[in-house]
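As structure tokens, the structure follows; a few thoughts come after it.
The values are calculated or read from the model by the stated rules, or taken from the named source; none is laboratory data. Just so it is clear, the structure is predicted and the values come from calculations on it, not from any experiment. Cβ placement follows ideal geometry from the backbone for every residue including glycine, while neighbour counts extend to all protein chains displayed. The protein model used for the area step is the full one, side chains on, heavy atoms only, and it has no ligands, DNA or RNA in it. Shrake-Rupley method; radii C 1.70, N 1.55, O 1.52, S 1.80 Å.
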Amino acid sequence: MKISVDHHLRLNQALHSLRDDAETAIQHYALRTQAALADMIARLDAPQEPAPLPARDMKALLACIQNLAIKPKKGRAKDLKRIEALIEQLTAAFAPPA
């Protein structure tokens, strides 16, 4: 009986810890994602010559964003992966030439 109670308590603590870790990971992911998007918006809005991206690149990136097939209200992992892949693509496009 004591062993069962001990396992129950340890599993309960582990689940609480996992929940906290998941929440922390989600918060950090959201912050990193929002920061990357804010940086791109700031670079796009900054008055500069020449423009940060050629018009054809902007048109292509706009099409990628518009074609993003996600259902945010469902909170699916595959949607987060699609968003992350798109942000990586956008970040690469906004990167200054080497």
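Odds and ends about this structure:
- Filtering Leu86, Leu31, Leu80, Leu61 for residues that are in a helix (DSSP H, G or I), open to solvent by 70 Å² or more (accessible area, probe 1.4 Å), without any contact (Cβ under 8 Å) to a residue 40 or more places away in the chain and among the aliphatic types (A, V, I, L, M) leaves a single hit, Leu31.
- Within this structure, Leu11 passes the test of being open to solvent by 70 Å² or more (accessible area, probe 1.4 Å), out of contact with any strand residue (DSSP E or B) (no Cβ under 9 Å at 6 or more places or on another chain), part of a helix (DSSP H, G or I) and farther than 18 Å from Leu86 by Cα.
- Here is the figure for the stretch 43-58: residues that are surrounded by 10 or more Cβ atoms within 10 Å (Cβ to Cβ) and in a helix (DSSP H, G or I) total 4.
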